[in-house]
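Below is one structure, written out as structure tokens; comments come after it.
The values are calculated or read from the model by the stated rules, or taken from the named source; none is laboratory data. Keep in mind that what you see is a predicted model, and the values were worked out from it rather than measured. FYI the Cβ positions are ideal-geometry reconstructions off the backbone, even for glycines, and counts take in every protein chain you see.
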Amino acid sequence: MHPSEHALLEWLDRAPNRERTQDFRGMRLDEVRRVLARLPAPPAPLTVAGTKGKGSTVRLAECALLAGGRRTLAFTSPHLRSVAERWRVDGEPAPWPMIETAALATADAEAAAGIRLSWFERTTAMAVAMAAAIPDVRLILEVGIGGRLDAVNAIDPAVAAVTHLSFDHRDVLGPTLEHIAGEKLGISRPGRPLVIGPQTVEGALAVRRRLPAGVPAVWAQPDRRRPGLPGDHQRENAGTARAALHAFEPNLGEDAIDRGFAAAQLEARCQTVSWRGRTLLIDGAHNGPSVAATLAVAAERLRPGFTVVIGTAKDKEIDPILAAIPAGTPLIRCGYDSPRARGRGDWPAAVLGTPWSPSVAAVLADPPTGDLCVTGSFYVAGEALIMLQGGVAVVQ
């Protein structure tokens, strides 16, 4: 860990951390806006919401912009190994001097406003401070949860994009897909383009019912070919990113978009590594449709008989996740270092008899025979990558 990371995390951890507690009561934008008003204004961003595919869509847009010679700052969450990953400058984690300057500016703005932001709100304000300091930068913001009340929605976007919608965080966003669509579509603004990624029939209907008046919607289609990110499902994210780029950076050109998409890679998105004579596929999928997409890639890239190592948060809807795992697939349940983690006894009765491990590191210390698919949470994926770092060959 970089020496500056200790100090940054100590400051961030003084604030309420909804990512860990999952207590989203009291989410509001007025306090965030009051702090941001004391920071230099950033360029109007491309803001991305959705249930799945947000991070991949951000990465694809970022890589296309870089291929076209633009400077970029992408704000994403969560991080895998270092908090610096949350702010990518020109495709790489932000340098620590820039992070430190942004943290000091945010702390000063909080003090001037007499407000203590949450953990995620502080990191959002830091992204604003960084973007304002980079000349002619293209800012891309990934929503943390929902959209309407998420901290990034305190910044008016030039273009908004909503990726695939499905059920997640129903206790916060509402019980139906229409409720969820309403929250995600809250990032849109009248008169500014809103790109809707490919949806199920139910998702498209929910969007149509909740589409705000005066918002020009663009319905994206799956891209014509798979980008560098593995999996056929990435064609949907590429289609969303391409349509968003047409509105956000109309002079970019198709060649730059194609080159950027082809070169795109992102950790913990169906990432495969070789280790001890076996292949591991590591992915942060954390709902039923995402896990199904991950396992489709695993079936292509791993040898038959691979084991699924899965850890999930207690607040995630576990039945659709388990339903996505084909019957008879070897399964190891695991915990991870978070109060949100699903413990040994927190699983449905149907899988309580399957092997349990307190962590993915413990699984890898005494691994089963054959290849492994590690999934269920970005926290599990991050712990796996930390365990494996050093001497691991990435398989493209």
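Per-residue answers, yes or no, for (1) modelled with pLDDT of 95 or more; (2) assigned by TED's automatic domain parsing to the domain that holds V309; (3) on the phi > 0 side of the Ramachandran plot; (4) more than 26 Å from the chain's Cα centre (by Cα):
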site: S338; (1), (2), (3), (4): no, yes, no, no
site: A341; (1), (2), (3), (4): no, yes, no, no
site: P355; (1), (2), (3), (4): yes, yes, no, yes
site: A361; (1), (2), (3), (4): no, yes, no, no
site: P368; (1), (2), (3), (4): no, yes, no, yes
site: Y379; (1), (2), (3), (4): no, yes, no, no
site: G382; (1), (2), (3), (4): no, yes, no, no
site: M387; (1), (2), (3), (4): no, yes, no, no
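Among the listed residues L117, L141, which satisfies the condition of being over 20 Å from P16 (Cα atoms), in the same structural domain as G26 (by TED's automatic domain parsing), of a type outside the set (D, E) and surrounded by 20 or more Cβ atoms within 10 Å (Cβ to Cβ)? Steps first, please.
Details: L117 fails: over 20 Å from P16 (Cα atoms).
One residue alone meets the criteria, L141.
Applying a threshold of 7 Å to beta carbon distances and a minimum spacing of six or more residues, or different chains, the list of pairs starting in the stretch 188-201 at a residue that is on the phi > 0 side of the Ramachandran plot and ending at one that is assigned to a loop (DSSP other than H, G, I, E, B) and not β-branched (V, I, T) reads G191/G214. In the stretch 7-18 there is no residue that is over 22 Å from the mean Cα position of the chain (by Cα), outside any helix (DSSP H, G or I) and closer than 29 Å to Q199 by Cα. Of all the residues in the stretch 87-117, those that are in contact (Cβ under 8 Å) with a residue 60 or more places away in the chain, within 25 Å of A158 (Cα to Cα) and of a type outside the set (A, V, I, L, M) number 1.
Residues in the stretch 290-300: is at least one farther than 19 Å from G376 by Cβ and modelled with pLDDT under 95? Within the stretch 290-300, one or more residues are farther than 19 Å from G376 by Cβ and modelled with pLDDT under 95.
Exactly one residue out of P216, P190 is assigned by TED's automatic domain parsing to the domain that holds R88, touching a Gly at 6+ places or on another chain (Cβ under 6 Å) and more than 20 Å from S56 (Cα to Cα), and it is P190. Of the residues making up the stretch 250-265, those that are crowded, with 20+ Cβ neighbours inside 10 Å and closer than 23 Å to H164 by Cβ number 4.
Every residue, every condition in (1) assigned to a loop (DSSP other than H, G, I, E, B); (2) surrounded by fewer than 19 Cβ atoms within 10 Å (Cβ to Cβ), yes or no:
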residue	(1), (2)
G284	yes, no
V297	no, no
V308	no, no
D319	no, yes
R333	no, no
A350	no, yes
A361	no, yes
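Return the residues of the stretch 94-114 that are in a loop (DSSP other than H, G, I, E, B) and either at pLDDT below 95 or crowded, with 18+ Cβ neighbours inside 10 Å (or both); say none if nothing qualifies. Once the filter is applied, which keeps residues that are in a loop (DSSP other than H, G, I, E, B) and either at pLDDT below 95 or crowded, with 18+ Cβ neighbours inside 10 Å (or both), the stretch 94-114 yields only A94.
Specify which of the listed residues (A160, A131) is modelled with pLDDT of 95 or more, assigned by TED's automatic domain parsing to the domain that holds P78, in a helix (DSSP H, G or I) and crowded, with 18+ Cβ neighbours inside 10 Å. If you could, list the steps in order and put the result at the bottom.
Working: A160 fails: in a helix (DSSP H, G or I).
Of the residues listed, the single one that is modelled with pLDDT of 95 or more, assigned by TED's automatic domain parsing to the domain that holds P78, in a helix (DSSP H, G or I) and crowded, with 18+ Cβ neighbours inside 10 Å is A131.
Filtering the stretch 262-279 for residues that are closer than 22 Å to G370 by Cβ, in contact with a His (Cβ under 8 Å, 6 or more places away or on another chain) and assigned by TED's automatic domain parsing to the domain that holds L388 leaves an empty set. In the stretch 363-384, the residue that is surrounded by the most Cβ atoms within 10 Å (Cβ to Cβ) out of those that are in contact with a strand residue (DSSP E or B) (Cβ under 7 Å, 6 or more places away or on another chain) and of a type in the set (V, I, T) is V374. Residues that are of a type in the set (D, E, K, R) and more than 14 Å from T57 (Cα to Cα) within the stretch 259-276 comprise R259, R276, listed in sequence order. When the criteria are applied in full, I332 fails the requirement of being of a type in the set (A, V, I, L, M, F, W, C), under 19 Å from the mean Cα position of the chain (by Cα) and farther than 19 Å from P230 by Cα. Considering the stretch 56-82, the residues that are over 20 Å from A256 (Cα atoms) and at pLDDT 95 or above include one that is surrounded by the fewest Cβ atoms within 10 Å (Cβ to Cβ), namely T76.
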